[in-house]
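The values are calculated or read from the model by the stated rules, or taken from the named source; none is laboratory data. Just so it is clear, the model here is predicted, and its values are computed rather than measured. Don't worry about glycine lacking a Cβ; one is built from the backbone with ideal geometry, like all the others, and counts go over all protein chains shown.
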Amino acid sequence: MDLRIEPAQGLHVSLSSVPLGDWYPVFMQWQVPVTVSVIYMALSFYMNSSLASRPAAKKSNGPSTKKTIFEPMTMLTFVHNVVLAIYSGWTFVCVFPPFVQGIRSKGWFEGLCDTDGSLLNSVLFVHNYLFYLSKYYELIDTLIIVLKGRKASFLQIYHHAGVILIMYYANYTSSPTSIFIVWENSGVHTIMYTYYALTAVGIHPPGKQYLTSLQIFQFLFGLSFIVLYMFLPGCQSPAQRSWLWAMTAYLLPLIYLFVQFFASTYSKKKTVRVEKKTE
């Protein structure tokens, strides 16, 4: 396998200064994200099939016991979500201010399109790469679900497998549009994984449906900017423009699946509450 990867045009960042930069030539081989995504999907569907064949566990009618963080499964879930919450918050803080400052100092076109490469060399290359790597780590989300004896939804499988491929391509093309995806997604994930860390130890903040709404909003908001980038002349190279189309093709089914999940989950809960009140 040829591990020589040509750096993006105008890039002056040394891989030796990037966390896990030595692994960049390996992770930037297309075979890596494709192989991992295919294996992840195959294992997920296999485990779903295995779980479906098991007899359903009886639900306890007794009082629920309070979770303790010292239980292995609780500890794994809590630590995993805390790690992702901290990483996401750090990424947002590192990426969003330079993104806004670039627009303020250079104007909308130069800021969004990073015409001078300043964003690429300051935060885009490093955090695009780390964000891509984080998507491999996020596969543990599905592992935790399976270990708890639950099936992974098609939404989750599609989301995790697809985002690895999409972020690989974002790094490959060094599209300036991807910085928008990175800061937006990391901001939402900071809230989301903080919420999941709390629920892992038995703390259940209200408003989970608003968290799903926020996820749907970020996809719609991101898609609107992708469309904007498509119609900005001279902003993208042909390869970068192809990433915009790939991202659009990935987002449209994802938005549909999230909306379907929201409708089936929270409408059902609302119906149950109404039925209980009328009994």
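Odds and ends about this structure:
- Residues of region 114-148 that turn out to be part of a helix (DSSP H, G or I) and closer than 22 Å to Thr177 by Cα, as a count: 19
- Just one of (1) within 20 Å of Leu76 (Cα to Cα); (2) out of contact with any His (no Cβ under 7 Å at 6 or more places or on another chain); (3) polar (S, T, N, Q) fails for Ser186. It is (1).
- Residues being under 13 Å from Gly187 (Cα atoms) and in contact (Cβ under 8 Å) with a residue 12 or more places away in the chain - total across region 203-220: 5
- Matching residues in region 69-92 - criterion: being assigned to a loop (DSSP other than H, G, I, E, B) and in contact (Cβ under 8 Å) with a residue 60 or more places away in the chain: Ile69
- Flag for Gly234 being of a type outside the set (Ser, Thr, Tyr), modelled with pLDDT under 90 and either closer than 23 Å to Ser153 by Cα or buried (at least 20 other Cβ atoms within 10 Å of the Cβ) (or both): no
- Only residues that are within 16 Å of Ile166 (Cβ to Cβ) and either out of contact with any Phe, Trp or Tyr (no Cβ under 9 Å at 6 or more places or on another chain) or free of Cβ contacts under 8 Å to residues at least 60 places away in the same chain (or both) were counted in region 232-249, giving 4.
- Qualifying positions in region 77-99 - aliphatic (A, V, I, L, M) and either modelled with pLDDT under 95 or crowded, with 18+ Cβ neighbours inside 10 Å (or both): Leu84, Ala85, Val95
- Residue selected from region 149-166 under the condition aliphatic (A, V, I, L, M) and closer than 17 Å to Ser264 by Cα, by the criterion surrounded by the fewest Cβ atoms within 10 Å (Cβ to Cβ): Leu155
- The lone criterion from (1) surrounded by 18 or more Cβ atoms within 10 Å (Cβ to Cβ); (2) among the charged types (D, E, K, R); (3) out of contact with any Gly (no Cβ under 9 Å at 6 or more places or on another chain) left unmet by Lys106 is number (1).
- In region 106-125, the residues that are closer than 27 Å to Pro19 by Cβ and among the hydroxyl-bearing types (Ser, Thr, Tyr): Ser118, Ser122
- Test: residue in region 149-167 that is in a helix (DSSP H, G or I), at pLDDT below 95 and out of contact with any Leu (no Cβ under 7 Å at 6 or more places or on another chain): no
- Against the numbered list (1) surrounded by fewer than 21 Cβ atoms within 10 Å (Cβ to Cβ); (2) in contact with an Asp or Glu (Cβ under 7 Å, 6 or more places away or on another chain), Pro205 comes up short only at (2).
- Some residue of region 40-57 being modelled with pLDDT of 90 or more and under 30 Å from Phe125 (Cβ atoms): yes
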